[in-house]
1. Using just the alpha carbons, could you tell me how many Å³ per residue the convex hull of segment 69-154 encloses?
2. Going by average Cβ density within 10 Å per residue, which order do the peptides 377-388, 87-98 take, highest to lowest?
3. Kindly give Rg over Rh for segment 282-337, based on alpha-carbon atoms, with the Kirkwood expression for the hydrodynamic radius.
4. Specify the longest stretch of the chain that does not include any exposed loop site, a site being one of the trypsin sites (Lys or Arg not before Pro) with a non-H, G, I, E, B DSSP assignment and at most 14 other Cβ atoms within 10 Å.
5. Please list 3J(HN,Hα) in residue order for segment 172-186, calculated via the Karplus relation 6.51 cos²θ - 1.76 cosθ + 1.60 where θ = phi - 60°; whole Hz, with x for glycine and proline.
6. Would you mind getting the Kirkwood hydrodynamic radius of segment 80-220 from its Cα pairs, rounded to one decimal in Å?
7. Once each part is reduced to its C-alpha centroid, what is the distance from segment 129-179 to segment 371-389 in angstrom?
8. What is the Å³ per residue value for the convex hull set by the Cα atoms of the chain?
Amino acid sequence: MSLRPVAPQRLLRLHGFRMLLLDRLLAPAATAVSMVAVSFAVLGLTGSVTDLSHVLAAQIAPALVFMPVSGVVADRFGAQYVIAASCLLTACCEGALALLLLTGQAQVWHIMLLEAGTGTALALFLPASTALLPRLVPDAELQRANALSRLVMNAATVGGGAFAGVAVAAFGPGWALAADAAGMLAAVVPNLLIRTARAAPARSPEPLRELREGWREFRSHTWLWVIVLQYSLVFMACSWGYSVLGPVVARTSLGGPAAWGEILVAESLGLVVGGCAATRFAPRRPMRFVALCGAAVAAPTLAMALLLPLWLICAFSFTTGVLVELMMVQWNVAMARTIPADRLARVGSYDMLGTVVATPLGALLAGPLAATVGIRPAQFAAVFLAVSVSVLALAPKEVRTEVGWAGGNA
């Protein structure tokens, strides 16, 4: 899509970009509600860490099947329509789960099945989201547009997390999930109003060939596959140490769902602050910065393992949020400026697949690890793994040096 440069203050005058911002206000707020409500729905039903780990694994497992396919679909058709379909599927699944909880009929297998549906929706959403923004704004405005869109998304996550903690504590997870479903349903509309040209006029008619083209592009960039491999292991560690065991620590030692909501809100506030800084932040060696941020992801898990006071855990979460947001903007800009537009969704699908492929394994490991060595040692192990692989990711020269696409110059 050919777009002429525009002045930064005119970004909001672009219709497609405004609709994208509206989607990134509604959908992340709803997702933040789900993160709290689903965890405490499971703990309220059985109190079992193993059951919670199974549910969280069910959320991510569909990515193994649908993520590469969704990249082909998003490259071939409009990414905005794929995003709309994912929001609609999420609304249906979360609405059904809310109904089961409110009527007292929910069982763990119901939650696993419906959360597998939301995981499928996530697999559809992520590659399409990666490909959409570069088609809506000029190349010169990519960093500013990425930072602004993520700023809106993270502000919405703050609001959603704050609402979730209060709503789950006051009304229960069923009503919170009903609000989640309504927000996702509303997010369908702005995506249907986005109009954008295809990234390229020519298309191979064979989906398998398109998958192979995306894979060749992905593996041709050392910095890309090394960082994806690193974050696969980082997210696996944080899956058991933070996503699964975090709510358990909050429930047993920090005061319950309201405390977990505060931790998520603090992280999201950090993401907002990081988004404000990301419009101008340009490290001299961006991939080295991205690799080092992998170690920072483990900081909140370490704080919980040490049983630090809630305010200090929130402070760690806030700082981590700032660094992660700066990292994500650099990563998105690198992808958009390096990968050809007609392959971006497919390469993005391998990126997303790599970073989530190990997450179900991490969630499944949480229960057995906690039962065998205890919750705190399991969290310490997660921290050790995340820090170790982040240090090892610095070994390739291409990760440690400038590669020519960063927002700033060396």
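Coordinate-derived values only; no laboratory data. Remember, predicted model here, so these are calculated numbers, not experimental data. All Cβ positions, even for glycine, are placed from backbone atoms using ideal geometry, and neighbour counts span all protein chains on display.
1. In segment 69-154, the Cα convex hull volume per residue is 95 Å³.
2. So the peptides 377-388, 87-98, ranked by packing, come out 87-98, 377-388.
3. 1.09
4. No qualifying site falls inside 1-194, the longest such stretch.
5. For segment 172-186, the Karplus-derived couplings read x, x, x, 5, 4, 5, 5, 5, 4, 5, 5, x, 5, 5, 5 Hz, x marking Gly and Pro.
6. 17.5
7. Here the answer is 29 Å between Cα centres.
8. 121
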